[in-house]
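Below: the structure, in structure tokens.
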Amino acid sequence: MDWRGYIPWDTSVVNSRTIDYTYRKQMGHVISDNRSRIYEYIKNHPGTHLRKLSKNLGVAMGDTQHHLGVLDKLGLIKSRRKGMYKVYYTVSISRKRDEDILAVLQQETPRDIILYLVENPGSTQGDISNYIRLTAPTINWHMSNLINAHLVTSYKDGRFVKYFIEGDVNDIVGLLKSYYPTVWSKLSDRLAELFLDLAAGSRPEMSTDIDQADDSIDDEKS
């Protein structure tokens with residue numbers, strides 16, 4: 001017997017259910033993909049914050065916040081409050097100093113100050129202000145934050161306050177190499193030029209010393 005005559009068969013309902021299932025399946029892939037993208041971004045840009053994640057990945061703020069919560073619960077990422085921002089890292093970054101450095105490297109002005117002090121230890125606030133092209137009060141605010149983060153230290157030399165990187169500079173260099181290779185490449189080129197200039201500046205003195213030594217030898221022979 002042909003039961004099709006007795007069973008209500010609404011093709012519109014079937015098609016609707018099929019479309020709904022396909023849509024939910026596709027959306028599941030999108031959600032999974034966005035969560036994966038957010039994790040990868042944090043892994044490659046540790047110390048980033050919510051607004052930057054949302055903007056750079058093109059994911060709505062609310063959705064980004066939701067995925068961050070899930071990743072946190074899964075134990076894949078962690079967050080820290082740094083100044084005005086809540087910033088994110090993968091759990092593989094364990095040292096607080098690394099967290100502090102990476103959070104600063106995510107911000108353009110503090111990063112420029114840190115890199116300038118790597119090249120020019122002992123610079124004054126005026127030196128930094130002239131280089132960064134920002135007002136003295138703005139530079140002073142950034143310097144206070146960097147000192148509070150234990151990344152910069154200062155001491156008074158007469159009428160001037162001079163600033164230095166606090167701790168091992170190699171900590172900064174290592175993180176630059178790992179996460180900001182382009183920035184490190186430019187910095188290392190400038191540092192190489194600086195060392196070459198210093199070496200070139202010392203050569204005349206060395207030559208003079210050698211000439212004087214040769215004259216002494218000649219005098220002794222005569």
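The values are calculated or read from the model by the stated rules, or taken from the named source; none is laboratory data. Note that the structure is a prediction, hence the values are computed from the model and not measured. Here the Cβ positions follow ideal geometry from the backbone for every residue, glycine too, while neighbour counts run over all protein chains shown.
Aliphatic (A, V, I, L, M), within 27 Å of K177 (Cβ to Cβ) and part of a loop (DSSP other than H, G, I, E, B) - does that describe any residue in the stretch 60-72?
Checking the stretch 60-72: not a single residue is aliphatic (A, V, I, L, M), within 27 Å of K177 (Cβ to Cβ) and part of a loop (DSSP other than H, G, I, E, B).
I need the full set of residues from the stretch 104-117 which are buried (at least 16 other Cβ atoms within 10 Å of the Cβ) and part of a helix (DSSP H, G or I), in order please. Walk me through how you get there before you give the answer.
Taking the stretch 104-117 and keeping what is buried (at least 16 other Cβ atoms within 10 Å of the Cβ), we get 104-107, 110-117.
Within the stretch 104-117, V104, L105, P110, R111, D112, I113, I114, L115, Y116, L117 meet the criteria.
Out of the stretch 155-180, which residues are part of a loop (DSSP other than H, G, I, E, B) and of a type in the set (S, T, Y)?
Matches in the stretch 155-180: Y180 only.
Which one of these does G58 not meet: (1) touching a strand residue (DSSP E or B) at 6+ places or on another chain (Cβ under 9 Å); (2) free of Cβ contacts under 8 Å to residues at least 12 places away in the same chain?
Here G58 meets the rest and fails (1).
Is it the case that the stretch 106-128 has a residue that's of a type in the set (S, T, Y), under 30 Å from H67 (Cα atoms) and modelled with pLDDT of 90 or more? Before you say what the answer is, go through the steps one by one.
Here is the first cut: in the stretch 106-128, the ones of a type in the set (S, T, Y) are 109, 116, 123-124.
With the extra rule that they be under 30 Å from H67 (Cα atoms), the set shrinks to 109.
Those left that are additionally modelled with pLDDT of 90 or more: 109.
Yes, the stretch 106-128 has at least one match.
Pick from I128, I101, I147, I93: which is surrounded by 15 or more Cβ atoms within 10 Å (Cβ to Cβ) and either in contact with a Cys (Cβ under 7 Å, 6 or more places away or on another chain) or more than 22 Å from R51 (Cα to Cα) (or both)?
Criteria check complete, one pass: I128.
What is the one condition in (1) in a helix (DSSP H, G or I); (2) modelled with pLDDT under 95 that S54 does not satisfy?
Of the numbered conditions (1) in a helix (DSSP H, G or I); (2) modelled with pLDDT under 95, the odd one out for S54 is (2).
From D20, D63, D33, grab the single residue that is acidic (D, E), at pLDDT below 80 and either touching a Pro at 6+ places or on another chain (Cβ under 6 Å) or farther than 24 Å from Q107 by Cβ (or both).
On inspection, the qualifying residue turns out to be D20.
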